[in-house]
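Laboratory data are not the source of any read-out in this text; all were calculated from the coordinates shown. Just so it is clear, the structure is predicted and the values come from calculations on it, not from any experiment. Here Cβ is always computed from backbone atoms with ideal geometry, including for glycine, and neighbour counts include all displayed protein chains.
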Amino acid sequence: MRYKRHKQARKTLKEIEESPRDYLVIHYSCESFYDIHDGRTPRITSIAVRELDSGQTHSFSIHKIAEKQGVPLDVINGKYDELEKAMLDELMDFIQKSTKFKWVHWNMRDINYGFPAIYHRYEVLNGTPCKIDDSRLIDIARVLKDCYGEGYAGGHPRMQKLLELNDMSHRELLSGKGEAVAFSAHEYVKLHQSTLRKVNEISNIVTMACENKLKTASSLIEIYGWSPQSLYEMLRDRWWFAILAFMLGVVAGLVLEKAWSF
């Protein structure tokens, strides 16, 4: 089972590597659902979508909509629903025009945080969401776990730990707690900068994983498992095994040639 998950994850990464122009990376920031006590879903503050191939980034944010409408930053909270609806209008228009793409994301799976939460917020604000088919969604956090094993990042939060393992800057990245504090303080620009940075780093992680250059905390057994097939695959991925197999093949060929000469 471990080897099968690893193999499927590598297949997904291979498909991304072969056609990066077909993939978009998305991330968003929102109000902390831990701080909500009235049953409503978290308000969305900013969304970033990055083209994996070109690096071109499209952003949608509360403060940008406010600027367009001439709403001062200090009164955004009083017009939040109106501004959030306008921001999500822009996102839905973008999704409608991007039907050929597959969407890479980090744990955006449920009503707390994910595409279902975005669709629900839009419906709450009297919008009709343009929904992306589930077959076009790729949770790269789950792909990495399947590829490298449960403890691949060496701890939690996995994204931050993985960035540290790979000597990648996570300046401007806010933790979940940091985002909650920023939202409460109405620091929407700070939240947006964090979202932009996260979508950039997720893209870098995807690229490194595709090129098999991503450093992880996983042992070979954690990656491949214990089955004979997985052990073979583990050895096959080592450069010295390829050389050894070649040399054994040459020796076997010489032995057979000598045997036939008799």
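Points to keep in mind about this one:
- Under the Karplus curve 6.51 cos²θ - 1.76 cosθ + 1.60, θ = phi - 60°, whole-Hz ³J(HN,Hα) for the stretch 137-148, x wherever Gly or Pro sits: 9, 10, 7, 5, 5, 6, 4, 5, 5, 5, 6, 10
- Of VAL25, CYS147, SER59, farthest towards positive along the dipole that unit charges on Lys, Arg, Asp, Glu beta carbons give the chain: CYS147
- Ellipsoid semi-axes for the stretch 120-205, based on the Cα gyration tensor and the rule √(5λ), read 26, 21, 11 Å when sorted largest first.
- Loop-located trypsin sites (Lys or Arg not before Pro) in the stretch 63-128 (DSSP state other than H, G, I, E, B) with a sparse environment of at most 15 neighbouring Cβ atoms within 10 Å: LYS97, LYS100.
- Estimated FRET transfer efficiency (HIS156, ASP133; beta-carbon r; R0 30 Å; 0.05): 0.50
- Relative contact order (%) - the chain, alpha-carbon pairs under 8 angstrom, separation at least six: 25 percent
- If you wrap the tightest convex hull around every Cα atom of the stretch 1-95 and split its volume per residue, you get 145 Å³.
- Using the Cβ-Cβ distance between ARG171 and SER54 with R0 set to 35 Å, the FRET efficiency from 1/(1 + (r/R0)^6) comes to roughly 0.90.
- With the simple spin-label model, which puts each label point 7 Å out from Cα in the Cβ direction, the TYR34 to ALA217 separation comes to 1.9 nm.
- A straight chain from PHE94 to VAL75 at 0.36 nm per residue would run longer than the Cα-Cα distance by 4.1 nm.
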